[in-house]
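First the structure, in the form of structure tokens, and then the observations on it.
Just so it is clear, none of the values below were taken in a lab; they were calculated from the coordinates. Computed from a predicted structure; not experimentally measured. With ideal geometry, Cβ positions are generated from the backbone for all residues, glycine too; neighbour counts draw on all protein chains shown.
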Amino acid sequence: MKLRQGEYPRRGDALLAVALLLPVILLLVHFLMRANDEGAWAEVYSAGERIGIYALSEEREITVSANGYQNIIHFGGGQVMVVAADCPDQYCVRHAPASREGETIVCLPARLVVRVTAGEEGALDGIAR
Amino acid sequence: MASHAKRLAHEAMLLALALICAYLEFLFPLSLGIPGIKLGLANLVIVYALYADGAGVALRVSLCRVLLSALLFGNLSMGLYSLAGAMASLLVMIGLYRRPYFSLWGVSLAGGAVHNIAQVLLAACISGTPQILYYLILLIPVGMFTGLLIAFLTFSVRRALYPARQTIGKGGSGG
């Protein structure tokens, strides 16, 4: 008799499901909140040479001059963008802000390349089976 | 009360069934494109044993199943993860299965989720990278889903076996 009782769904089952989904929602919120500014960096190359690497989590603006042109690059909020440039085509300024690994903003006249790289993400690869 | 030999034979049969289930999954992994996800067919036998024969039988069969399948078709690290998942999940199920507000469905659901939680926690501890915990976003719902599937299978098996169940022996605390 006791055995039969356990065979059909009861109200407590839904409670268990909710209790188990709670940490999922918390983790998801946490994940989404820090996904943008975690460990992402931007490398800046000017005239073929790397002049620096900057965290995307810190608000910062730098001015790079090369080849007779100037670009103002803004980092912060998990992304990087070229806010102003005196180059003739302005492609770099109109380019959408870059935030994902591998995204690149280029200004050909100024020979400028800004590339987003992952920070410490690589640490997870070591244990993948 | 079943005789000692009868009980031994019954538990050995459950163990053999659980091992076959584990072996089947080892041969034909049900890969959904996400690493580390499988149905956990052997849990069908464990959940069945828990409800039909009690906590003691389920615990013994589960322990032997994990050790033997790690020896037969696994390695030490696989055995460790397997042990952590199986034991955590079974302990939670044992804690829940006698309470009247939870049914087989909820117990199995919780067991499936806790199985994955234990393994991810262990992985995070061993590798020292807490970021692995984000994998739970996926693995808890998956564990709940496979737990429900196992509950459905157990339910079906028990319903099919219902007329014959009296001959197996009464459910009790086992041991």
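Values of log10 I(q)/I(0) for chain B across q = 0.09, 0.11 Å⁻¹ run -0.30, -0.45, by the Debye formula with one identical scatterer at each alpha carbon and no solvent. Compared with the dominant Cα axis of chain B, that is its longest principal axis, helix B:76-97 is turned about 50°. With q set to 0.09, 0.10, 0.14, 0.15 Å⁻¹, the log10 of I(q)/I(0) for the protein assembly as shown, from the Debye formula over equal scatterers at the Cα positions, is -0.60, -0.67, -0.98, -1.08.
Could you work out the relative contact order of chain B, using alpha carbon pairs under 8 angstrom and six or more residues apart, expressed as a whole percent? Please list the in-between numbers first.
Working: 208 pairs, mean separation 44.5, N = 175.
Rounded, it is 25 percent for chain B.
When each of the peptides A:44-50, B:83-89, B:119-125 is scored by how many other beta carbons lie within 10 Å of its residues on average, the order from highest to lowest is B:83-89, B:119-125, A:44-50. Assign one of three labels to the range A:40-119, namely rounded, prolate or oblate, based on the Cα gyration tensor with a ≥ b ≥ c the square roots of its eigenvalues; rounded applies when a/c is under 1.5, prolate when it is not and a/b is larger than b/c, and oblate otherwise. Prolate, because a/c is 1.5 or more and a/b exceeds b/c.
Hey, got the average number of other protein chain Cβ atoms within 10 angstrom for residues in B:98-109?
Values: counts 2, 3, 5, 6, 8, 10, 8, 10, 11, 4, 1, 6.
So the per-residue partner count for this stretch is 6.
Taking the C-alpha atoms only, the angle from helix B:4-27 to the longest principal axis of chain B is near 30 degrees. Under the criterion of Cα pairs below 8 Å and six or more residues apart, the relative contact order for the range A:40-119 equals 32 percent. What is the angle, in °, between the Cα long axis of helix B:104-127 and the longest principal axis of the Cα atoms in chain B? Nearest 10 is fine, range 0 to 90. Computed tilt is about 40 degrees.
The listed peptides A:9-15, B:105-111, ordered by packing as a protection proxy, come out as B:105-111, A:9-15 (highest mean of other Cβ atoms within 10 Å first). Shielding of peptide B:138-148 by partners, expressed as the average count of other chain Cβ atoms within 10 Å per residue Cβ, is 2.
Pair-distance distribution of the range B:34-81: all C-alpha pairs, bin width 5 Å, starting at 0; shares per bin in whole percent are 5, 20, 23, 25, 16, 9, 2.
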